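Below is one structure; the comments refer to it alone.
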Amino acid sequence: MDTEKTLETAFGELDQMIQQLESSEITLEESFRVYKEGMELLRYCNGKIDMVEKKMLQINQDGTLTEF
């Protein structure tokens, strides 16, 4: 991934890849390439989600904020 993507963009690309893989017109070689790209995109999404989770704050009962 050379450029920064939003999660929405990445999920849209994953959806397109799934549609390609479900197509009966895709060759076996092409399906392997699409699958590999999809797995790389999933790793990217997981990393972005992990970053967001680390930045999320939890409001405690006393009104203070803590990261979780």
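The values are calculated or read from the model by the stated rules, or taken from the named source; none is laboratory data. Everything numeric in this text was worked out from a predicted model, so none of it was measured. These area figures cover heavy atoms from the full protein model, side chains too; ligands, DNA and RNA do not enter into them. Shrake-Rupley method; radii C 1.70, N 1.55, O 1.52, S 1.80 Å.
Things to note:
- Verdict on Val52 being among the hydrophobic types (A, V, I, L, M, F, W, C), open to solvent by less than 100 Å² (accessible area, probe 1.4 Å), on the phi < 0 side of the Ramachandran plot and at pLDDT below 90: yes
- Among residues of region 1-34, those that are open to solvent by 60 Å² or more (accessible area, probe 1.4 Å) and under 21 Å from Lys48 (Cα atoms), counted: 11
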